[in-house]
Amino acid sequence: MRISDTRNMEEHDYLDRYRHSAAHVMAQAVKRIYPHARLGIGPPIEDGFYYDFDLPETITPDDFPRIEEEMRAIVAADHPFQRRELSFEEGRRLLEEQGEIYKLELLEGLKDDTISIYRSDGFVDLCRGPHLERTGEIKAFKLLSVAGAYWKGDEQRPMLQRIYATAFPDPRELRRYLAGVEEAKKRDHRKLGREMGLFSFHEEAPGAPFFHPRGVVLYRTLLDYWREVHEAAGYREIMTPLMLRDHLWHQSGHWEHYQDHMYLSTVGEQTFAVKPMNCPGTLLYYRETQHSYREFPLKVAELGRVHRRELTGVLHGLFRVQSFVIDDAHIFCLPEQVTGEVVKVVDMIISIYRTIGFPEFAVEISTRPESSIGSDDDWELATRALKEALEINRIDYQVSEGEGAFYGPKIDFHIRDCLKRSHQCGTIQLDFSMPERFNLEYVGADGNKHRPVMIHRATFGSIERFLAIVLEHYGGVLPLWLAPVQAVVLPISARTIDYGRRVRKELAEAGIRAELDERDEKIGYKIRSARLQRIPYMLVVGPAEEKAGSASVRHLRQGQRGEWPLEKIREELSGEIAARTGYDSCLLTEPD
RNA sequence: GCCGGCGUAGCUCAACGGCAGAGCAGCUGAUUUGUAAUCAGCAGGUUGGAGGUUCAAAUCCUCUCGCCGGCUCCA
C-alpha cells in the first residue's frame, strides 16, 4: 500500500467518524423534538449518513429546518462525546429504561461482554464509535430526504422513517457536493430524454419505454456498432421468439425459480411465457443440429427483448424497466477453451466501453454461493479460469465470495461515469445448469458425446439502461457519432433557405444526420433552440456563405469554429463520425 | 409489494372550499433578421381515473392508476 493510500484511508476514517457524529447530533435533535421517537441505526454512508426512527408522526422535508435548527443548537453548545463502557447487563437495563426496543435488539445480537455507549449532553446512544471529541467540530451538514426503510431491511419487520443527510468538515465541500447533486438532476436522463425527443413513458405501459425517432437513431447507432464488433469477432446472430410454451420454462428451471417475474399468457389450450431471458431460446437453436468440437468455440449472439415483472416501486426511467433488450451472447466451447474465450470477451467489453467513453470501470468476480449446483471441481476450475483470464488482461478485480449465481461463477463489469457513479453493465457467466437441463452435446475428437461448456455474456446488459448511463454521463452532449442529429443548418433569413436546403442535402448524402431549421426566426433563437436539442454542429448560412459555398461553423462544446467550405465540413464531420471520436471530459459546457 | 411525497394545457408551474391562470412550446399574421429567446393575435383543460362529503371540490375524504424518493451501507 502506498503512503497516499494510507492517508486516503485515514481521511476516509475521519469522514466516517465525522458523519457518524453528525448522525448522533441529528438523532439527538429528533429526540428533542419527538421525545418518544425510538432509534434504529444511524451509520455513515458513501455521501453522508442516515438515521432510522420509529415514531407515530410522519416526518416530511418541511420538518427539516426545525431539525437542522436544533442540530445547530447542539453543535453550538459544543458538548463533548463521552465514551463509556458498560457490562452487557448494564447496557440492557439502560436501553430498557429508555424503551429503545430496536437498540435492545441490536444489543441482543452482540456477543461481547462489555458494550460501549456514547453520551453527549443528555443524549445517550449505544454505539461502537469512534466519535469526534465534541459536537462543536461539526461544521457543515444538511438534511436531504426522508424515506421508509424496513428495520434490518426485512419487509416482514416494521418500517421506520429514515432521514438521509450529509455532512462535510469544510462548508465548501458541502456546497460542492450539493452542486454535484444539482448537476445530477440536470443530467437526469428522463429529463434529457424529453428535451431531446428521444423517448417517453406512458401509463398504459408501466416500465416500458416508447422510443421516438431520434431515440431510435441513438439506439440503432449503438447496436450497429455492437454488431460490427461482434461480427468481426466471429459471433453469429440469431433471433428467437418472444413467447415460448410453458414446458420450456419448466425445463429451464425458470418456472420454479423465476415465475414471479414472468408474464404469462394462456391462449386456448396452451400456456406461454414471455421470455425473461434469452438463453432457453438459444439452447433450442443449439439442439437443432448436431455439433462437433471442430465448431467450437461457437458464439451465438442475440439482441433479444425480454420482459420481467418488477415490484412497481422499483421502476425508474430507463434504469429499471420491465421490457428491455439484452445484448446477449452464448459461447459453447470445450473446458480448455474457457480461459482463452473469456480473455477475448473481456478484451472486447473493455474496448467497447472505451470507445463509448467509459475508460474507468471496476471488475468483480463472484464465487460459489451456498445453494448452487455443480461439483466442487467444476466451480474450482471455472472460477480459476475467470481469474486467470483477468490476470492475463492485467485487470485488477475484487472477489465477492458467495455472490455468484446458483448455476456458475461470474465476472461483472461496473463502469464509472463522470459523476463518479458506478453502474453494473457487462457480465460474463459460466453456466453449469443449462447444458445439463437441456442435455446439450457435442461430438468430441474421440467420437463420443460430451457436454459443452456454456458461457453467457453481455456487454451493455440492458440496452435501455446503458443508454440512460450514456445520456447522464454526457449530460446529453453526445459524441458526434452517437448524436441523433449531428448537424443543423441555420439560415440567417428566408433569403438563404434555398442554399440551406442544398447544404443539408449535401451533408445527408455524405451520410451525416443533418437537419434544416427553416423557421422564420432570428439566428440567436435558432442557435438557442439547437443547443437545447444538444445538436453538436450548428451551421449558420447567410448571403456571404452562400456566395463562398461555405457555412459558419459553431460547435456545441467548442463554440465558434470559423467559416468552413462545405467540402471541409463534410470531411471533418465524416472523419469524426467514422473514428467514433469521443470527448476527453464530459463535464464542460453545459447547456442551461 | 411496503413507507412517504406528487399527479392542473405538450413542458415548467400558479390558484389550496367560491368564475382554472401565467410563461415557454403550438397555430396565424407582421417582421427578413449574423451567433443563447422579435412583436401581436388565436387556440389549448371533464384539474390522472372512479366514488363520496358540501349550496359549491383542482382544493376535503375513500378507492384506484401512474410518477418521484427510498426500502442489502447493520450499535
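Annotations
- Residue list for the stretch A:313-337, filter: more than 29 Å from residue A:469 (Cβ to Cβ) and open to solvent by less than 10 Å² (accessible area, probe 1.4 Å): A:332, A:333
- A single entry from A:464, A:441 fulfils the requirement of being of a type outside the set (Ser, Thr, Tyr) and touching a Phe, Trp or Tyr at 6+ places or on another chain (Cβ under 6 Å): A:464.
- Among residues of the stretch A:462-515 being more than 16 Å from residue A:538 (Cβ to Cβ) and basic (Lys, Arg), the one that is nearest to the chain's Cα centre (by Cα) is A:465.
- Once the stretch A:206-219 is narrowed to residues that are part of a loop (DSSP other than H, G, I, E, B) and of a type in the set (Gly, Ala, Ser), the residue that is farthest from RNA strand B (Cβ to nearest atom) is A:208.
- Test: residue in the stretch A:438-454 that is in contact (Cβ under 8 Å) with a residue 40 or more places away in the chain, within 16 Å of RNA strand B (Cβ to nearest atom), open to solvent by 10 Å² or more (accessible area, probe 1.4 Å) and not hydroxyl-bearing (Ser, Thr, Tyr): no
- Residues that are closer than 22 Å to residue A:314 by Cα, polar (S, T, N, Q) and either more than 14 Å from RNA strand B (Cβ to nearest atom) or not in a loop (DSSP other than H, G, I, E, B) (or both) are absent from the stretch A:229-243.
- Considering the stretch A:213-235, the residues that are among the aliphatic types (A, V, I, L, M) and in contact (Cβ under 8 Å) with a residue 24 or more places away in the chain include one that is surrounded by the most Cβ atoms within 10 Å (Cβ to Cβ), namely A:218.
- Only strands (runs of 3 or more DSSP E) whose full extent lies in the stretch A:248-311 are considered here, and the ones with at least 2 residues that are in contact with a helix residue (DSSP H, G or I) (Cβ under 8 Å, 6 or more places away or on another chain) are A:270-274, A:298-307.
- Taken as a whole, the structure leaves residue A:503 outside the set of residues that are modelled with pLDDT of 95 or more, under 19 Å from residue A:217 (Cα atoms) and β-branched (Val, Ile, Thr).
- Scanning the stretch A:122-141 for residues that are assigned to a loop (DSSP other than H, G, I, E, B), near RNA strand B (Cβ under 8 Å from one of its atoms) and modelled with pLDDT of 85 or more yields a total of 1.
- Residue A:126, sole failed condition from (1) in contact (Cβ under 8 Å) with a residue 60 or more places away in the chain; (2) within 30 Å of residue A:65 (Cβ to Cβ): (1)
- Any hit, the stretch A:401-408, residues being open to solvent by less than 10 Å² (accessible area, probe 1.4 Å) and not in a loop (DSSP other than H, G, I, E, B): yes
- The residues of the stretch A:142-190 that are of a type in the set (D, E, K, R) and more than 8 Å from RNA strand B (Cβ to nearest atom), listed by number, are A:142, A:157, A:170, A:172, A:173, A:175, A:176, A:182, A:183, A:185, A:186, A:187.
- Among the residues of the stretch A:360-394, those identified as within 30 Å of residue A:586 (Cα to Cα) and touching a Leu at 6+ places or on another chain (Cβ under 7 Å) are A:363, A:365.
- If you go through the stretch A:242-274 and keep only what is of a type outside the set (A, V, I, L, M), in contact with a strand residue (DSSP E or B) (Cβ under 7 Å, 6 or more places away or on another chain) and farther than 18 Å from residue A:407 by Cα, you end up with A:245, A:246, A:263, A:265, A:270, A:271, A:272.
- Search result, residues across the stretch A:191-205 that are touching a strand residue (DSSP E or B) at 6+ places or on another chain (Cβ under 9 Å) and either open to solvent by 30 Å² or more (accessible area, probe 1.4 Å) or away from RNA strand B (no atom under 11 Å from the Cβ) (or both): A:194, A:198, A:199, A:201, A:202
The values are calculated or read from the model by the stated rules, or taken from the named source; none is laboratory data. On a predicted model such as this, the values are computed, not experimentally measured, just so you know. For neighbour counting, all protein chains shown are included, and Cβ atoms are generated from backbone atoms with ideal geometry for every residue, glycine included. When the accessible area is computed, the model is the full protein with side chains, heavy atoms only, and any ligands, DNA or RNA have been set aside. Shrake-Rupley method; radii C 1.70, N 1.55, O 1.52, S 1.80 Å.
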